[in-house]
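Notes follow once the structure below has been shown.
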Amino acid sequence: MVTRQATQSHMTETEGLLEERLASLEQRLVALEESQPKDRVSLVVFSGDLDRILAAFVVATGAAALGQEVSMFFTFWGYGSLRTKRVLAGKGFLQKLMAVMSPSGTQALPVSKLNFFGIGAKMLRAMMKQKNVSSLEDLIGMARELGVRLIACEMSRDVMGIQDEELIDGLESGGVASFLADALKSRVTLFV
Amino acid sequence: MVTRQATQSHMTETEGLLEERLASLEQRLVALEESQPKDRVSLVVFSGDLDRILAAFVVATGAAALGQEVSMFFTFWGYGSLRTKRVLAGKGFLQKLMAVMSPSGTQALPVSKLNFFGIGAKMLRAMMKQKNVSSLEDLIGMARELGVRLIACEMSRDVMGIQDEELIDGLESGGVASFLADALKSRVTLFV
Amino acid sequence: MVTRQATQSHMTETEGLLEERLASLEQRLVALEESQPKDRVSLVVFSGDLDRILAAFVVATGAAALGQEVSMFFTFWGYGSLRTKRVLAGKGFLQKLMAVMSPSGTQALPVSKLNFFGIGAKMLRAMMKQKNVSSLEDLIGMARELGVRLIACEMSRDVMGIQDEELIDGLESGGVASFLADALKSRVTLFV
């Protein structure tokens with residue numbers, strides 16, 4: 001600012017007018033730079049189906065590998081991909097019922113079509129293995145190594161009474177405002 | 001423009017060249033400002049499942065509360081969240097059949113998993129109430145108070161023969177071009 | 001550059017300072033222009049349900065008609081919209097089983113709700129015809145005429161053992177990086 005003030009005192013009228021336009025452009029450019037999408041990808045993982053969750057993690061790890069900041073916001077059935085075991089103690093009646101009927105971990109996730117009590121999911125896993133395609137568990141590990149943020153939805157968690165010991169480590173906790181904070185700055189937003 | 005013309009006549013050659021570059025920058029900046037995403041969120045609500053529709057309204061009201069302009073475009077099964085009653089008169093045979101098999105209002109919406117003829121949906125509603133989480137009906141009211149645009153897809157409506165009296169008040173009507181007009185200016189776009 | 005060098009030698013100190021700021025603005029503007037979203041729409045078509053696929057093609061053709069560059073990335077069940085017949089030769093056991101249980105073409109696609117072994121899909125098609133709404137087959141044709149890029153996911157294809165002769169002509173092949181390359185430049189991204 002000192003430089004500019006100093007400069008302005010020696011300016012001709014024309015130079016002063018040019019300087020004014022320049023300063024206004026600089027301001028608008030800063031505003032644009034701030035408000036434009038950043039190198040970010042934000043996903044809502046709502047689904048609890050193995051096939052859809054696989055798709056979400058393939059996009060997430062792919063984007064992270066390309067240098068994007070990636071956030072995955074897990075809500076409702078999406079919690080299935082974060083669970084490691086089932087805990088019933090400390091849950092209310094409806095929460096217990098829901099816990100018993102939900103998959104207790106990634107290995108128990110169904111597929112969205114042709115599941116036939118888990119045969120479909122096993123089939124998909126076997127077909128992926130035959131082709132050396134990363135399993136969901138591998139992809140989750142990869143996502144964490146690549147710094148993908150895994151955010152567990154507070155509201156779903158509260159409603160379903162999910163406890164820390166049921167979930168994998170290193171999760172963040174957040175509400176819809178957390179999701180939106182990232183999503184509003186993102187180039188790609190998907191609801192899976 | 002008068003000022004600029006006047007100025008240019010007194011400009012040195014260098015000043016004239018600088019002015020030219022400045023004018024071109026100004027033009028490009030205006031173009032950028034116009035084409036860059038606005039503070040908008042656009043959702044397609046395709047699903048007719050209580051759980052997915054809840055997620056859509058949580059995102060919509062959350063975004064509106066953060067000052068975003070929010071549009072929700074309801075199509076296909078998504079009409080379930082806009083219906084208040086079932087009218088059969090004036091519908092063709094297939095339209096009647098579809099109306100009878102579709103939920104007649106938000107209270108009749110199923111959940112996407114473990115629905116068991118509506119028990120799952122009732123369970124979810126009870127669990128939400130226990131935790132003082134807003135019901136779908138509350139969220140719809142909130143969305144309207146916050147100025148969220150609720151757009152009913154003309155094509156679906158025409159195909160399913162849905163009539164005004166079956167729907168909640170204050171809906172806009174629009175085609176895919178309406179959705180795209182908003183979505184192309186949005187920071188976040190989701191298909192729920 | 002020659003012009004600018006020549007100019008600078010005749011510049012006053014003030015002009016030189018203005019020129020410096022101008023040059024830095026130009027650079028930042030180019031960066032912004034490059035990184036800002038382009039007139040593009042990118043869709044992941046994951047679903048194999050007639051109703052959801054219809055929605056994807058309505059958005060895709062609508063966007064293309066508005067002058068957007070549109071990419072559709074077909075993965076998992078989404079392959080159902082690209083298949084023209086079922087080929088079992090050359091497939092492994094699990095791949096054969098999956099092929100037999102999957103729709104062999106667009107006419108065999110189910111709807112996501114009230115399908116009742118295909119009756120729901122036939123009903124939807126009949127209702128659309130009554131209202132002169134384009135069929136899925138028409139929309140696919142339109143998408144191709146409008147230059148929509150149809151990209152078949154390599155990984156899904158490999159896992160399911162899908163062969164060229166089973167698919168419609170003129171498809172591109174790509175992985176998640178292909179999808180992201182387009183999606184990261186897009187104004188609208190949806191997961192259907």
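Brief remarks follow.
- Residues of segment B:22-48 classified as at the interface with chain A (Cβ under 10 Å from one of its Cβ atoms) and more than 30 Å from C:L184 (Cβ to Cβ), total: 2
- So B:A121, is it within 14 Å of chain A (Cβ to nearest Cβ) and closer than 15 Å to B:G80 by Cα: yes
- Residue check, A:V87 under 20 Å from A:E154 (Cα atoms) and touching an Asp or Glu at 6+ places or on another chain (Cβ under 6 Å): yes
- Against the numbered list (1) basic (K, R); (2) out of contact with any helix residue (DSSP H, G or I) (no Cβ under 8 Å at 6 or more places or on another chain); (3) within 13 Å of another protein chain (Cβ to nearest Cβ), B:R157 comes up short only at (2).
- Residues satisfying the stated conditions in segment A:68-98, i.e. among the polar types (S, T, N, Q) and buried (at least 17 other Cβ atoms within 10 Å of the Cβ): A:Q68, A:S71, A:T75, A:S81, A:Q95
- Within segment C:144-172, being over 15 Å from C:V45 (Cβ atoms) and not in a helix (DSSP H, G or I) holds for C:L146, C:G147, C:G161, C:Q163, C:D169, C:G170.
- Output for segment C:160-192, where each listed residue is farther than 23 Å from C:R52 by Cβ and more than 7 Å from chain A (Cβ to nearest Cβ): C:G161, C:Q163, C:D164, C:E165, C:D169, C:A181, C:K185
For (1) surrounded by fewer than 18 Cβ atoms within 10 Å (Cβ to Cβ); (2) touching a helix residue (DSSP H, G or I) at 6+ places or on another chain (Cβ under 6 Å), each residue gets a yes or a no:
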residue: C:V100; (1), (2): yes, no
residue: C:Q107; (1), (2): yes, no
residue: C:F116; (1), (2): yes, no
residue: C:G120; (1), (2): no, no
residue: C:M123; (1), (2): no, yes
residue: C:M127; (1), (2): no, yes
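- Residue count, segment C:24-39 (criterion: surrounded by 15 or more Cβ atoms within 10 Å (Cβ to Cβ) and small (G, A, S)): 1
- Verdict on A:G141 being assigned by TED's automatic domain parsing to the domain that holds A:A60, surrounded by fewer than 18 Cβ atoms within 10 Å (Cβ to Cβ), in a helix (DSSP H, G or I) and out of contact with any Leu (no Cβ under 7 Å at 6 or more places or on another chain): yes
The values are calculated or read from the model by the stated rules, or taken from the named source; none is laboratory data. This is a predicted model, so every value here is computed, not measured. All Cβ positions, even for glycine, are placed from backbone atoms using ideal geometry, and neighbour counts span all protein chains on display.
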